[in-house]
Amino acid sequence: MRLRNVTGSREAIAKSRFVIQEPQKRKNSWRELFGNSNPLQIEIGMGKGRFIMDMARLHPEINYIGIEKYSSVLIRGIQKMEKEELPNLYFIRMDAEEITDVFGQGEVNKIYLNFSDPWPKDRHAKRRLPSREFLNRYRIILSEEGNLEFKTDNQELFAFALEELEPAGWHPDQVTYDLHHDAEMMEGNIMTEYEERFSSLGNPICKYIISAIKSGESKES
Ligand code: SAM
């Protein structure tokens with residue numbers, strides 16, 4: 001993603017009530033923040049926040065956290081929340097590499113990755129959010145019944161993401177190479193900013209839903 005620096009975004013984020021400062025201190029107690037025991041779902045790499053805000057509005061019975069690495073991008077989500085406050089949504093500005101410092105074991109019920117940066121060079125493969133290195137982190141924070149949903153229009157990244165599943169001990173539950181023409185997987189689909197942009201150019205959207213193989217569970221089950 002090409003980034004334009006937004007002057008003052010760091011300062012605005014540091015004092016925003018929609019952003020959790022020092023999120024490590026909330027580890028294992030996120031439900032207290034929301035004041036309920038609703039499921040917790042997170043989007044990693046939320047960009048300007050359109051998807052996670054739409055989800056939070058549609059599902060008041062679910063708690064949401066949007067995670068974004070860059071202040072200049074996150075600030076756009078904060079500006080939207082200032083116009084329309086959603087009680088079941090907070091943001092964190094962080095690098096997802098630190099995700100296990102922020103969420104405890106099994107604390108998260110679902111992870112969304114939407115149009116993650118492709119990092120096309122081989123030597124950067126570990127930075128890709130659906131890489132095995134990240135899958136190992138996600139496994140720790142996801143609950144027993146938890147799963148992960150990933151969408152992209154990038155065919156190479158999607159092929160890579162599928163190849164990473166077996167070595168990381170995950171299995172695909174549902175896969176499509178053309179989400180917008182897959183009636184079953186399209187049901188309830190919420191478009192992201194990138195999804196709208198790339199599907200309007202005619203790019204098919206790939207999506208998988210995956211879950212971690214538990215110890216004692218066979219890969220076929
Ligand atoms: N999810 C949005 C969408 O679909 O419209 C934005 C997609 S954009 C291509 C990817 C976003 O992920 C960028 O805003 C980028 O800053 C963020 N990102 C990339 N790597 C990240 C990381 N390691 N931790 C947190 N955010 C990250």
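Nothing in this text is a laboratory measurement; each read-out follows from the coordinates by a stated rule. The shown structure was predicted, so the numbers you read here are calculated from the model rather than taken from an experiment. When we count neighbours, we look across all protein chains shown, and the Cβ atoms used for this are built from the backbone with ideal geometry, even at glycine.
For the residue pairs K80/K110; K15/K151; K69/K214; K48/K214, the alpha carbons lie more than 27 Å apart in K15/K151; K69/K214; K48/K214. What shape does region 137-200 take by its C-alpha gyration tensor, where a ≥ b ≥ c are the square roots of the eigenvalues and a/c under 1.5 counts as rounded, a/b above b/c as prolate, and the rest as oblate? Because a/c hits 1.5 or more and a/b exceeds b/c, region 137-200 counts as prolate. Inter-part distance, region 32-54 to region 153-218, computed on C-alpha centroids, equals 20 Å.
Divide the volume of the convex hull around the Cα atoms of region 18-118 by the residue count and you get 93 Å³ per residue. Mind running the shape call on region 59-108? Use the C-alpha gyration tensor, a ≥ b ≥ c as the square roots of the eigenvalues: rounded below 1.5 for a/c, prolate if a/b tops b/c, oblate otherwise. In terms of gyration-tensor shape, oblate. Both radii were evaluated on the Cα set of region 61-170; the Rg over Rh quotient, with Rh as the Kirkwood radius, amounts to 0.97. Across region 1-91, the mean sequence separation of Cα contacts (distance under 8 Å, 6 or more residues apart), normalised by length, yields a relative contact order of 36 percent. The value of relative contact order for the chain, using C-alpha pairs under 8 Å at least six residues apart, is 19 percent.
Would you work out the Kirkwood radius for the chain? I mean one over the mean of 1/r across all pairs of different Cα atoms, in Å. Kirkwood hydrodynamic radius for the chain: 17.9 Å. Based on DSSP H segments of at least four residues, each scored -39500 (n - 2.57), the chain has a per-residue ellipticity at 222 nm of -9000 deg cm²/dmol. Computed from label points 7 Å out along Cα-Cβ, the spacing between R31 and R57 is 2.9 nm. For region 1-51, the Kirkwood hydrodynamic radius from C-alpha pairs, put into Stokes-Einstein at 25 °C and a viscosity of 0.890 mPa s, yields a diffusion coefficient of 182 µm² per second.
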